[in-house]
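The values are calculated or read from the model by the stated rules, or taken from the named source; none is laboratory data. These figures come from a predicted structure and were not determined experimentally. Every residue, glycine among them, receives a Cβ derived from its backbone with ideal geometry; neighbour counts consider all protein chains shown. Ligands, DNA and RNA are excluded from the accessible area calculation, which covers all protein heavy atoms including side chains. Shrake-Rupley method; radii C 1.70, N 1.55, O 1.52, S 1.80 Å.
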Amino acid sequence: MVSALRTLLAALMTLGLSAGALAQSDSASEADVSASQQLLAQPAIVRQILVEGNQRVEADTVISYLLIQPGQVADAQSINLSIQTLFATGLFSDVQIEDRGEILIVRVQENPIINRVVLEGNNAISDDKITDEIQAQPRAIFTRARIQSDVQRIIEVYRRSGRFAATVTPMIIEQEQNRVDLIFEISEGPVTGVTRINFIGNENFSDRRLRSELVTQESRWWRFFSSNDNYDPDRLEYDRELLRQFYQDQGYANFRVLSSVAELTPDQENFYITITIDEGEVYNFGEVTVRSEIDELSNEYLQAILPIRSGDVYRASLLESSVDALTFAAGASGYAFVNVRPQTTRNRETRTVDIEFVIDQGPRVYIERIDIVNNTRTLDRVVRRELNIVEGDAFNRVLIDRSRNNVRRLGFFEEVEITETPGSAPDRARLTVDVTEQPTGELAFGAGFSSTDSFLVDFSISERNLRGRGQFLRFRVSVSGVRETIDIRFTEPRFLDRNLAAGFDLFRVNSDFISEAAFQTESTGGSLRLGFPVTGSTNLQLRYTLRNDDVRVFSAQSAALLSQAGRRTTSVVGYTFAWNRLNDPIEPTRGFRFTLSQDLAGVGGDVRYVRTELGANFYRGIAPGWTASLAIDSGFTIGWGGESVRINDRFFKGGNSFRGFEVGGIGPRNVRRDTTTGEIVRGDALGGRLYAIGALELTFPTGLPEQYGIRGALFTEFGTLGLLDSVDQVAEGAAGSLFTVDDLALRASAGLSIFWDSPFGPVRFDFAEAIMSEEYDHREFFRFSTRTGF
């Protein structure tokens, strides 16, 4: 029994050891499995990236967009972000990334390249205007999102032109090498006009008055040249601002536009626009003060230059004018960068607006540098010598504006802008003179048609900016039925690099009156000129002319002509004084110009006379585009030393100098009386020693689109010419014989001028009717002239 127990105990111990070993083995196995799972769960390091499907885009370019690079671990987040980044480039239509452990495969499908863009059905709007708005261009990447965006842009272009029913359908034609042709099929639809513009809430101004302030117009059949009668939401928004400006300029400081509603008719062809407004009450200016930190300018002085006066009706536009005036005054004192802030306080009880202009003080500024840009042809020194300021001068707004006018007055540039920018220090400023060159060579052609069926042809070629040096050179030929003129003129505006304009003229003039009065004249000569400024707005020109005149008379004529025969030499010294106070040298709207010229003949030579001429021009802008002007010209010539004034030295007026009459069409004339009818038969013009001519003109916009370049002017001219020497007058004698008429009779004309900036140069048409004339005058109803630049 004991042995049996020992055997049982040994068996149990063997079983326990086996179970322990098995348990230890199971634990070891579980540990191995857990370690293997951890090893498998750890992401592999990318050793290589392969790109598939790319055709035009280099593999390195694709890899550069990825957020995973060789040597890094590829996880789900970085893979997803890399896919989004590749899509964001717009180069690919599909992107897939496959992770193969140490190898990352990127599969892409490239977007096509646009081969060409075709527009079909666009008759009302040009291709250029549409292609400027869309993103799709040849050789650009094609994406459907971009094309849909372009469709909306084209529709918007048509809506701005008043075609709200326009539709656009994009079509794609696939080509080889992953290229596509993009076609936009456009259905333009009808033009949506504006049938009616109504106002609600306007108690003080009529609908018609308010409509005149808007850019949008009601559709009418005669407005076929205008597009403002088409509905445009952007234009309507601008009209809201125009209404606000109009009312606030009438004193309605609290004016508001409550709403502007455009309703499209069911046929989608017209709009009804309703604008609801709240006018408010009329306000006056209350207390107006200026608070400035500029020591050189007192508050009292600044307030005195303001265009605003307490008690006047409130006008918002005067605030801007006042800011400009104060800024200009500060600039004139050398403070270039000042901040003028108008602060307004509205008093509802008194219905007044108190205004305080606060001027923040800036440092005194000096010109550090002046740059001339975009002068591709004109030399820098030609522009710089017209400036009234140089580097190192104190900043002065008056001199800068005057310098801009000086450069514009050259006539070499289409646009001239002078802008200031901060310099290297707070008290330094840089000026940039930005110019836009324009053609300065000119090929001019003029022609006239008179009531006597005669034509005048004028041809000239000139260069106002020779070799970019600012020199003037002209060659002119004028031919008519009775006169031939050839002249050459040269001017150096800065002689010897000084502020002296020097030049010379050579001329030859042949006049043929054989068929009318059996005489000819021939004048050959030259002149020297020297001009210089006296003050900032005045200048003086000195000149000397030497001329040989030959008058040939054929057969027996009147004593008035016979006395002119022979060859004589004329030696003349003279001057011209000019005073110019125009606000703009090219298109003045304010100011005046005055000239005084005198010539003395007899310093050598055979001819003796004194000639004096006066000219004055006044301009006044009435409204934007409307300018009234008055021109007055007069002259008087008197012989001295016992000599009379020869026909070559008399005044001849007409043509451009007196519209409604041809050149030499007014004044003293040889005539004869018809023996049968007793009527006067016109002969030759003899010219006069005295003339006085005035002209009133009103230039106005024609209402046509500005891009047509057409303007108009109404004018009336009035004046006289005459006063021959007694020895040159022939009294009326026997029937049929020549005699002289010289009565200083008043002439007048009125008419219309049309100015057209045509593609080949500016053209001018004059239509004039003589309303006061003598029966022996030569009238001219139509005249035109043109020139072209090069």
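Just a few scattered comments:
- Split the accessible area of region 561-600 by element, probe 1.4 Å, and carbon with sulfur accounts for 54%.
- Probe 1.4 Å, all protein chains present, accessible-area order of Asp234, Asp497, largest first: Asp497, Asp234
- Stretchable slack from Leu496 to Arg341, in nm (0.36 nm times residue separation minus alpha-carbon distance): 50.9 nm
- Heavy-atom accessible surface of the chain, averaged per residue, reaches 53 Å², computed with a 1.4 Å probe.
- The dipole here belongs to the chain: it is taken about the Cα centre, uses +1 on the Cβ of Lys and Arg and -1 on the Cβ of Asp and Glu, and is about 2060 debye.
- Angle between the chain longest axis and helix 397-409 axis [Cα atoms, degrees, rounded to 10]: 70 degrees
- Per-residue extension of 0.36 nm, minus the Cα-Cα distance of Thr535 and Ser758, leaves a gain of 76.5 nm for this segment.
- Taking 0.36 nm per residue of separation and subtracting the Cα-Cα distance, full extension of the segment from Ile638 to Phe700 would add 18.3 nm.
- Loop-located GluC sites (Glu not before Pro) in region 666-725 whose Cβ has at most 14 other Cβ within 10 Å (DSSP): Glu679
- Positive-pole candidate from Val257, Ser657, Gly709, dipole of the chain, charges at beta carbon: Ser657
- Spacing of the two label points (7 Å from each Cα toward its C-beta) at Phe87 and Glu300, in nm: 7.5 nm
- Counted charge near Gln361, where neighbours are those whose Cβ lies closer than 14 Å (Asp, Glu -1; Lys, Arg +1): -2
- Amide H contacts of Asp393 (H built 1.01 Å from N, under 5 Å, at least 5 apart or other chain): Ile367
- Rounded to the nearest whole Hz, the Karplus-based 3J(HN,Hα) values (6.51 cos²θ - 1.76 cosθ + 1.60, θ = phi - 60°) of region 624-636 follow the sequence x, x, 10, 9, 9, 9, 10, 10, 10, 10, 8, x, 8, with x at glycine and proline.
- For region 292-367 versus region 192-206, the inter-centroid distance based on Cα atoms is 37 Å.
- Within the accessible area of region 186-277 (1.4 Å probe), percent carbon and sulfur: 46 percent
- Note on Arg430 and Val282: the model spin-label points, each 7 Å out from Cα along the C-beta direction, lie 5.2 nm apart.
- Three-way shape call for the chain based on the alpha-carbon gyration tensor, with the a/c threshold at 1.5: prolate
- Cα lying deepest toward the dipole's positive end in the chain, options Tyr158, Pro422, Ser298, charges on Cβ: Ser298
- In degrees, nearest ten, helix 2-41 long axis to first principal axis of the chain (Cα): 10 degrees
- With θ taken as phi - 60° and the Karplus curve 6.51 cos²θ - 1.76 cosθ + 1.60 applied, the whole-hertz 3J(HN,Hα) list for region 379-387 is 5, 4, 5, 5, 6, 4, 6, 8, 7 Hz, x standing for glycine and proline.
- Quotient of Cα Rg and 2.2 N^0.38 Å for region 643-748, N being how many residues it contains: 1.43
- Rounded to the nearest 10 degrees, the angle from helix 144-160 to the longest Cα principal axis of the chain is 30 degrees.
- Sequence-ordered 3J(HN,Hα) estimates for region 607-622 from the Karplus curve with 6.51, -1.76 and 1.60 and θ = phi - 60° stand at 10, 10, 6, 10, 10, 10, 9, 10, x, 9, 10, 10, 10, 8, x, 9 Hz, glycine and proline given as x.
- The H on the amide N of Phe164, modeled in the peptide plane, is under 5 Å from the matching H of Thr192, each at least 5 residues off or on a different chain.
- Leading residue at positive end of dipole, the chain (Cβ point charges), from Thr378, Pro138, Gly53: Thr378
- In the context of the full protein assembly, Ser460 retains an accessible surface of approximately 10 Å², using a probe radius of 1.4 Å and ignoring ligands and nucleic acids.
- Across every direction, the projection of the convex hull enclosing the Cα atoms of region 231-323 has a mean area of 7.8 nm².
- Packing around the peptides 169-177, 414-422, 468-476, taken as the average count of other Cβ atoms within 10 Å per residue, puts them in this order, highest first: 468-476, 414-422, 169-177.
- For the listed peptides 738-747, 119-128, a ranking on the average number of other beta carbons within 10 Å per residue, highest first, reads 738-747, 119-128.
- Each label was represented as a point 7 Å from its Cα along the Cα-to-Cβ direction; for Asp207 and Arg467 these points are 6.9 nm apart.
- Along each principal axis, Cα extent of region 132-239, largest first, Å: 69, 24, 19
- Largest accessible area first, the listed residues Lys129, Lys653 line up as Lys129, Lys653 when surface is computed with a 1.4 Å probe on the assembled protein chains.
- Total charge dipole magnitude, region 632-778, about the Cα centre, Cβ charges on Lys, Arg, Asp, Glu only, Debye to nearest 20: 160 debye
- Ranked packing of 538-551, 338-351, most packed first, by mean Cβ within 10 Å: 538-551, 338-351
- Each residue was assigned an accessible area with a 1.4 Å probe, and for Trp579 the value is about 100 Å².
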